[in-house]
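K.L.:
Take a look at this one; I'll ask things after.
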Amino acid sequence: MEALVCRKHGDPTNPPDSSENSPLSVSTSHPIPNLISPTSVRVRIKSISLNYATYLQVLGKYQEKFPLPFVLGSDYSGVVEFVGPNVTKYGVPDGCDLVAAAAIPVAYGTSHQALVHRANLKSDQVLLVLGAAGGVGLAAVQIGKVRGAIVIAVARGTEKVEFLKSMGVDHVVDLSKEGVIESVKSFLKTKKLKGVDVVYDPVGGKLMKESMKLLNCGAQILVIGFASGEVPVIPANIALVKNWTIHGVYWGNYETNRPGVVEDSLKELLSWLARGLITIYMFRSYKLQEAYLAFLEIKDRKVIGKVMITVDDPKTIPSSRL
Ligand SMILES: NC(=O)c1ccc[n+]([C@@H]2O[C@H](COP(=O)([O-])OP(=O)(O)OC[C@H]3O[C@@H](n4cnc5c(N)ncnc54)[C@H](OP(=O)(O)O)[C@@H]3O)[C@@H](O)[C@H]2O)c1
């Protein structure tokens, strides 16, 4: 089988197999893994979603370190070819696009887990989404709207801002032109609202520090990631006097330790997708050999929504889909 393999840590924006510096390699004769357990499933991959986390994994800067070499692409969709005897449930509902479905597990799964399972976001609460045009951010924006929240999105640059407006968010902060505190405060004032009830933070750093000044008493902070490279400090004394709840959210941990929660969340997301309540915005799709171009767009903060790898495979028959 074909596989994009990370052989050593390094910058994934180097074309695969191009030089000694290239951490990635495209293998055309990678061994097909043995199906050893009765719960094994073998999937012929159609589409892979590349996340910021994938970029960090190749750099060797991700919180979990996979033993080298490892194959990229654990966020995927495709056609189920084999199921072990103990597998009873698999597949996606009719009406879901097979390529788009690959963007669901990590980005939408994380945001659903955070906003629905952890924060129990309610209608008319004010939700502030940082990094709102990125993978998890855009998912959070859409889930916030499905839950009936007042959604404030924070992003940088006209293209992202115009896109977020077209998604029906209630207010967008363009960080290339204005500060988050002034912009959000003046929006809240026009709506006669006091402050933010839930902040969704995949960015961290200075932006999160500033966003804390906008939070209501009793607010919830969803700690998702640190795309800025800086882990924010949330002072416990302020959390105490303001009755804040701080949720650390790690989807990968749920997948391992509470798979039932992940399954319920994916079921709801797929039904929303099939009903058109959420849409996957595919920024661009690349071939396996071009993955470095996708990493370049992630690195340069160009991506709106998701970048994907799509596999052209004449053998793919859209029947039992995952
Ligand atoms: N907790 C979990 O289970 C979980 C799951 C998935 C992802 N994550 C984490 O969430 C973060 C975002 O992931 P993603 O896949 O959504 O990434 P993404 O699509 O690349 O989006 C990241 C966003 O962060 C903003 N940003 C601010 N400062 C940045 C910087 N210095 N470098 C890059 N981006 C910066 C960018 O927005 P602007 O350019 O508009 O400012 C960008 O749109 C990552 O840290 C990832 O590891 C966590």
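What follows is calculated from the coordinates using simple rules that are stated; it is not laboratory data. Please read these numbers as outputs of a predicted model, since none were measured by experiment. Every residue, glycine among them, receives a Cβ derived from its backbone with ideal geometry; neighbour counts consider all protein chains shown.
K.L.:
For segment 228-283, what D do you get in µm² per second when you plug the Kirkwood radius from alpha-carbon pairs into Stokes-Einstein at 37 °C and 0.692 mPa s?
P.N.:
Roughly 222 µm²/s, to the nearest whole number.
K.L.:
Let me ask you something else. Report the convex hull volume per residue for segment 1-49, counting only C-alpha atoms, in Å³.
P.N.:
Convex hull volume per residue, Cα atoms: 116 Å³.
K.L.:
Let me ask something additional. As a footprinting exposure proxy, order Asp124, Asp97 by other Cβ within 10 Å, with the fewest listed first.
P.N.:
Asp124, Asp97
K.L.:
Right, next: So for Ile150, Ile238, Ile181, Ile143, fewest C-beta neighbours within 10 Å to most, what's the order?
P.N.:
Ile238, Ile181, Ile150, Ile143
K.L.:
I want the antiparallel fraction of DSSP beta bridges within the chain, as a percent rounded to 5.
P.N.:
45
K.L.:
Continuing with the same structure: Just Ala239, Ala140, Ala119 to compare: in a GNM of the chain, with alpha carbon springs under 10 Å, which one fluctuates most?
P.N.:
Judging by the Gaussian network model, the answer is Ala239.
K.L.:
Give the average over all directions of the projected area of the C-alpha convex hull of segment 118-252, one decimal, in nm².
P.N.:
The orientation-averaged projected area of the Cα hull of segment 118-252 comes to 7.7 nm².
K.L.:
R0 = 45 Å: FRET efficiency of Asp312 with Thr190, Cβ-based, nearest 0.05?
P.N.:
0.35
K.L.:
Using 1/(1 + (r/R0)^6) with R0 = 22 angstrom and r between the beta carbons of Asn257 and His117, what's the FRET efficiency to the nearest 0.05?
P.N.:
Efficiency, from the Cβ-Cβ distance: 0.95.
K.L.:
Which aspartates and glutamates, on any chain, are close to Lys122 with Cα under 19 Å apart, when same-chain ones fewer than 8 places away are left out?
P.N.:
Within the straight-line cut-off, Lys122 pairs with Asp170, Asp197, Asp201, Asp264, Glu268.
K.L.:
Still on this structure, please answer the following. Quick one: divide the alpha-carbon radius of gyration of the chain by 2.2 N^0.38 Å and tell me what you get.
P.N.:
Compared with the compact-globule rule of thumb, the chain sits at 1.02.
K.L.:
At Asn86 and Ala239, where each label point lies 7 Å from the Cα along Cα→Cβ, what is the point-to-point distance in nanometres?
P.N.:
It is 3.7 nm.
K.L.:
Can you tell me how much longer the chain between Ile181 and Val71 gets when fully stretched, taken as 0.36 nm per residue apart minus their C-alpha distance, in nm with one decimal?
P.N.:
Roughly 35.4 nm would be gained on extension.
K.L.:
Reachable lysines from Lys8, Cα under 20 Å, same-chain residues fewer than 8 places away excluded?
P.N.:
Filter leaves Lys61, Lys65, Lys299.
K.L.:
Taking the Cα centroid of segment 252-302 and of segment 1-48, what is the distance between the two, rounded to the nearest whole Å?
P.N.:
With segment 252-302 and segment 1-48 each reduced to a Cα centre, they are spaced 19 Å.
K.L.:
Put a dot 7 Å past each Cα toward the Cβ at Glu162 and Asp17; how far apart are the dots in nm?
P.N.:
It is 4.0 nm.
K.L.:
Mean Kyte-Doolittle hydropathy of -0.5 or higher plus an axial Cα length of 30 Å or more: which whole DSSP H helices in the chain meet both?
P.N.:
The qualifying helices: there are none.
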